[in-house]
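The values are calculated or read from the model by the stated rules, or taken from the named source; none is laboratory data. Since the model is a prediction, treat every value here as computed from it, not as a measurement. Heads up: the accessible areas ignore ligands, DNA and RNA and are worked out on the full protein's heavy atoms, side chains in. Shrake-Rupley method; radii C 1.70, N 1.55, O 1.52, S 1.80 Å.
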Amino acid sequence: MALIQDLREEMDRIKATQMCMEGDIKKMKESLALMKKLQEDLKKLRQDAARWKEESSKEISQQIEALRQETKQDLQKMGEQQEMRYTTLEQLVTETAKKVDEQVRSWGSIPTTAGLVH
């Protein structure tokens, strides 16, 4: 009888251990599913980061190119304005030189007196 009692107690312990192990297995399966989901999420996050980096790089390159073009156009306009100023200044100098030359020629016809020249 004691032997049967010992066997029953041993079976109860085995059943309790089995139930505990089944609970652990269930928790491990849940953890595994969660780990797979996290792995997929991480993979997607890496892809998104790579795509964002590429898009940002392209956008920055486009902005730099647009700024370069704008600066080039501004410099071109400034060069044209400078050329116009130079041309205007050249014309003014030429006109002034002609006027001075005409005045000097007109002075040549005026007699000078020795007493006025110092």
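Observations on the structure shown:
- Flag if Leu75 is open to solvent by 80 Å² or more (accessible area, probe 1.4 Å) and at pLDDT 95 or above: yes
- Residue under evaluation Trp107, criteria (1) open to solvent by less than 100 Å² (accessible area, probe 1.4 Å); (2) modelled with pLDDT under 95, criterion not met: (1)
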